[in-house]
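Got a structure for you, questions after.
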Amino acid sequence: MKMNMKQQSINNIVTNINKVIVGKEETVILSLTALLARGHVLLEDIPGVGKTMLVRALAKSLNCSFNRIQFTPDLLPSDVTGVSIYHPHSQQFEYKRGPIVGDIILADEINRTSPKTQSALLEAMEEGSVTVDGETIQIDQPFFVMATQNPIEYEGTYPLPEAQIDRFLLKLKMGYPTEIEEIEMLDITSGIHPIETITAIIERDDLIDMQKEVRDVYVDPIIQQYIVKIVRQTREHPDIQLGGSPRSAIGLMGASKAYAYIMGRDYCIPDDVIYLAPFVLNHRMLLTREANYEGKSVDRLIQDILNQVEVPAQKVSN
């Protein structure tokens, strides 16, 4: 595996996106982590912090197609998956694909639409395909969804059920820029918007090759045990009503492999797991009523669990 060359390409992608999104390098790297792990991202944040620009810049840097779906209360499942149209002359149905069939998808304000339409999106994410009139249409790789949702206290929102939110590999937040970063944003957007000037760093096929190489990143059994112990602790903690699912353990390992790859390694270390655990587990956990009443937070409990589970001391490499 030519890690140095691949890592340079990844560094160039991050630099490219940073021309558009100021001060959000961690979010960019974590988004790439999910993409390389063939997972999806749930981004919970307020409007106007650059979510659309982030996904557009990512798609342009990878020379991938970009589709945006604006979720509204009246959006139908067929508006997401597509429809079959009957042609009288040929007497055949032709599938007209929906915006979910693409490479890089921005599903904007997913919690503003009905649960039925949410399910259409989440089914495509889980299965990598859509079903229209009984016919299954495969979605080619790379297939990456970044779904945004408004904070649940906003009016007119439909919270995602736990079983559906579990399908997102990572949950991220962008937040407001600092004062210096906001001034820099005004400067770089005063003329031609930088999104119009960035060019592709790698090709779509190169990205698919990277996704395949990520699967070959080595995870020592001791790291696997460490991941399982962390996830099982979330189920056994007295302040947690619903802990991480087996899918979350698989996701944490996959994300750790992708992050190690981005860092230029072909093996995982415990620090990969420690860093990614909050992003993988946060949205998959529910606190008990008592813990909520006492003002405890999921993030704090995850850190407590990470502090309690013994970190493997052995240096892990293949």
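The values are calculated or read from the model by the stated rules, or taken from the named source; none is laboratory data. Only a predicted model underlies this, so the values are computations on that prediction, with no experimental measurement involved. Here the Cβ is made from the backbone with ideal geometry for all residues, glycine too, and neighbour counts use every protein chain on show.
How about segment 294-310: which of its residues are within 24 Å of the chain's Cα centre (by Cα), farther than 12 Å from LEU281 by Cβ and either assigned to a helix (DSSP H, G or I) or at pLDDT 95 or above (or both)?
Selection gives ARG300 alone.
If you don't mind, another one. Picking from ALA291, ALA277, ALA313, which residue would you name as being free of Cβ contacts under 8 Å to residues at least 24 places away in the same chain and of a type outside the set (Ser, Thr, Tyr)?
The unique qualifying residue is ALA313.
Let me ask another. Does GLU123 satisfy being at pLDDT 85 or above and not aliphatic (A, V, I, L, M)? Lay out the reasoning, then the answer.
Working: at pLDDT 85 or above: no; not aliphatic (A, V, I, L, M): yes.
For GLU123, the condition - at pLDDT 85 or above and not aliphatic (A, V, I, L, M) - is not met.
A further question on this structure: When the residues of segment 115-148 are filtered to those that are within 23 Å of SER31 (Cβ to Cβ) and among the acidic types (Asp, Glu), which remaining residue is surrounded by the most Cβ atoms within 10 Å (Cβ to Cβ)?
The selected residue is GLU123.
Further question: Any residue in segment 251-262 that is among the hydroxyl-bearing types (Ser, Thr, Tyr), farther than 16 Å from LEU170 by Cα, in a helix (DSSP H, G or I) and in contact with a Pro (Cβ under 6 Å, 6 or more places away or on another chain)? So that I can check it myself, show each step before the final result.
If we filter segment 251-262 for residues that are among the hydroxyl-bearing types (Ser, Thr, Tyr), which is where we start, we get 256, 259, 261.
Okay, now just the ones that are also farther than 16 Å from LEU170 by Cα, so 261.
Imposing the further condition that a residue be in a helix (DSSP H, G or I) reduces the set to 261.
Narrowing the set further to residues that are in contact with a Pro (Cβ under 6 Å, 6 or more places away or on another chain) leaves none.
No - not one qualifying residue is present in segment 251-262.
I'm trying to understand the selection: among the residues of segment 256-279, which are over 21 Å from GLU213 (Cβ atoms) and β-branched (Val, Ile, Thr)?
ILE274
Would you tally the residues in segment 9-46 being at positive phi and at pLDDT 90 or above?
1
When both residues are 6+ apart or on different chains and their Cβ atoms are under 9 Å apart, which pairs have a first residue that lies in segment 54-82 and is at positive phi, and a second that is outside any loop (DSSP other than H, G, I, E, B) and not aromatic (Phe, Trp, Tyr)?
So the pair list comes out as ASN63/ARG204; ASN63/ASP206; ASN63/LEU207; GLY82/LYS96; GLY82/ARG97; GLY82/VAL130; GLY82/VAL132; GLY82/ILE137.
Moving on. For ASP272, which of the numbered conditions (1) assigned to a loop (DSSP other than H, G, I, E, B); (2) on the phi < 0 side of the Ramachandran plot fails to hold?
Unmet condition: (1).
Residue by residue, here is whether (1) modelled with pLDDT of 90 or more; (2) in contact with a helix residue (DSSP H, G or I) (Cβ under 9 Å, 6 or more places away or on another chain) holds:
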{"position": "LYS60", "(1), (2)": "yes, yes"}
{"position": "PRO88", "(1), (2)": "no, no"}
{"position": "PRO99", "(1), (2)": "yes, yes"}
{"position": "ILE105", "(1), (2)": "yes, yes"}
{"position": "PRO142", "(1), (2)": "yes, yes"}
{"position": "ASN150", "(1), (2)": "no, yes"}
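Conditions (1) touching a Pro at 6+ places or on another chain (Cβ under 9 Å); (2) farther than 20 Å from SER256 by Cβ; (3) β-branched (Val, Ile, Thr), marked per residue:
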position: GLN7; (1), (2), (3): no, no, no
position: ASP45; (1), (2), (3): yes, yes, no
position: ALA57; (1), (2), (3): yes, yes, no
position: ARG68; (1), (2), (3): yes, yes, no
position: PHE71; (1), (2), (3): no, yes, no
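Separate question: Going through segment 96-110 one residue at a time, which ones are out of contact with any Gly (no Cβ under 6 Å at 6 or more places or on another chain) and assigned to a strand (DSSP E or B)?
Step one: of segment 96-110, the residues out of contact with any Gly (no Cβ under 6 Å at 6 or more places or on another chain) are 99-110.
Within segment 96-110, ILE104, ILE105, LEU106, ALA107, ASP108 meet the criteria.
Just for segment 276-303: of the residues that are surrounded by fewer than 17 Cβ atoms within 10 Å (Cβ to Cβ) and of a type in the set (Gly, Ala, Ser), which one is nearest to VAL228 (Cα to Cα)?
If we take residues in segment 276-303 being surrounded by fewer than 17 Cβ atoms within 10 Å (Cβ to Cβ) and of a type in the set (Gly, Ala, Ser), then SER297 is nearest to VAL228 (Cα to Cα).
Quickly run through segment 226-244 and pick out the residues that are touching a residue at least 60 places away in the same chain (Cβ under 8 Å) and out of contact with any Gly (no Cβ under 9 Å at 6 or more places or on another chain).
TYR226, LYS229, ASP239, ILE240, LEU242
Quick check on segment 222-275: of everything there that is acidic (Asp, Glu) and closer than 25 Å to GLY295 by Cα, which residue is surrounded by the most Cβ atoms within 10 Å (Cβ to Cβ)?
Just the residues of segment 222-275 that are acidic (Asp, Glu), to begin with: 236, 239, 266, 271-272.
Right, trim to closer than 25 Å to GLY295 by Cα and you get 236, 239.
Numbers: GLU236: 9, ASP239: 16.
That would be ASP239.
Select from segment 204-263 the residues that are farther than 21 Å from ASP299 by Cα and in contact with a Ser or Thr (Cβ under 9 Å, 6 or more places away or on another chain) and list them in ascending order.
Across segment 204-263, the qualifying residues are ARG204, ASP206, MET210, VAL217, TYR218, VAL219, ASP220, ILE223, ALA258, TYR261, ILE262.
Now for a separate question. Of the numbered conditions (1) modelled with pLDDT under 90; (2) within 22 Å of ASN282 (Cβ to Cβ), LYS6 satisfies every one except a single condition; which is it?
Exception for LYS6: condition (2).
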